[in-house]
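The values are calculated or read from the model by the stated rules, or taken from the named source; none is laboratory data. Worth saying up front: this structure is predicted, and the values here are computed from it rather than measured. Note: ideal-geometry Cβ built from the backbone for every residue, glycine included; neighbour counts use all protein chains shown.
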Amino acid sequence: MFLSRRTNLKIRAAILVGIALIIGILPAWAEKPLKDYSFIKGVNYHMESDPATLDRELGYGKRIGLNSTRIWLNYRGYEKDPQGYIERLRTYIRLSHQLGYSTMPILFNGNGLDPDTLKPDFRQRGDAYVKAVVGAIKGQPGLLMWDVMNEPLTNNYVGKASSPEEQQQREKEIYNFIRYYLSDVKKLDPVDATTVGYNLADQMEPTADLVDVLSFHEYTPLRSTIEQSYQTAEEISRKFGNRPILNTETGCISRANPYDVVLQISQEHKTGWYLYNLIIRGYWAQVQGIFYPDGTVRDPSTVAAIMGFYRNRNLKTIIVPVPDRENHCRETVGLIDSALRSNNRNVFSYTNTPTDKLLDADEEAANLLESAEMVPMDVPPSARILHWRKQPENQRDSDAIRAFTYQLGLKLKTACMIY
């Protein structure tokens, strides 16, 4: 069969379009904004552009299924070095995408809100900053969506208003600022999705008509309050055409907001999320974060929850560990007693027993206690043991080790009810 030249050209054009779609050359305008972001397993991070650091730190997250980062931008940082700032942002978007992450850049931060930015005089500076940033990375394969402002109402400008009327007026100023830049971003980038990361779900409604995705932060302390946040978000979503929902900050030890609890509820509501934050360091290191810089973790239950596995909290099905089932606890208590005693003297008498014998007994006790979760794990006993193990015998504090051994033996006796 012979085809006309025009038909051949059409076929070739169709093939080229298909190839382009497959390899991602054509823009994904037909796919954005998405109707469902429940696949997002994200973390809050920073705009790191060093390839080695990104490969290492984002690599930790990739191993457990994380796939997106939410990063803070700053108009002041941009104004100090416009070209360098934009280049760092492009580099971050490109490198993190190569590592399997999408990115949600945050244009403005309400936490440290400068009231002067709400005035008309700021508009020229703000417009220039937004135009440069959006123009630089719109359409990038790694760009997930724009967060126009983080926690707009969580600042002193709102919190220290002198009256309810003044607070309401200040909130209105901020909402107007957000609405302006939501519209501005959408004009500059009509393809990629927009959102605003509100501190509370019930703050989202005044800008819900302009965003593509509703997002809130969930740091409340009870299952009932977490549920209420999701119910509020879902009510607003239905009111505005079933817009997708994201929880873009969550998880904090000091706010009684455990990662594994809030992630389980998020899964039940089929909602994507961003944990705060990826690396345990800096100002929030004591109460937030998944990985230490060396790749170790603070709490394995957080890693399990990210992967979809949650602690059993059902009293009807929990099986309590019995570490002394095979009399191993009693044997270990005997090892501790033997290591501490010398010629049947009391436990506080002087002994020349090498510290390795003490640490061997300690390690067995620690493994029994830790695996059965019968000892606090903020500083695990095994961490102290490893610390001493790394020291030469002649540099170890033998008195400290003996005291630790004695106390660990008491904990083991108590946990296993050995009399």
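Computed quantities for the displayed model
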item	result
Evaluation of residue 320 against (1) loosely packed, with under 13 Cβ neighbours inside 10 Å; (2) at pLDDT 95 or above (one fails), failing number	(2)
Pair list, Cβ < 7 Å and 6+ apart or interchain, from the range 225-253 residues that are more than 23 Å from residue 68 (Cα to Cα) to residues that are outside any helix (DSSP H, G or I) and modelled with pLDDT of 95 or more	236/204; 236/208; 236/214; 240/208; 240/209
Among the candidates 131, 138, residue that is out of contact with any Gly (no Cβ under 7 Å at 6 or more places or on another chain) and either surrounded by fewer than 16 Cβ atoms within 10 Å (Cβ to Cβ) or hydrophobic (A, V, I, L, M, F, W, C) (or both)	131
Members of the range 255-309 that are in a loop (DSSP other than H, G, I, E, B) and among the aromatic types (Phe, Trp, Tyr)	276, 292, 309
Pairs with Cβ under 8 Å, 6+ apart, first in the range 142-158 and surrounded by 24 or more Cβ atoms within 10 Å (Cβ to Cβ), second of a type in the set (D, E, K, R) and in a strand (DSSP E or B)	147/70
Residues being without any contact (Cβ under 8 Å) to a residue 24 or more places away in the chain, surrounded by fewer than 17 Cβ atoms within 10 Å (Cβ to Cβ) and in a helix (DSSP H, G or I) - total across the range 371-419	11
Selection count, the range 60-81, where residues are exposed (fewer than 15 other Cβ atoms within 10 Å of the Cβ) and at negative phi	6
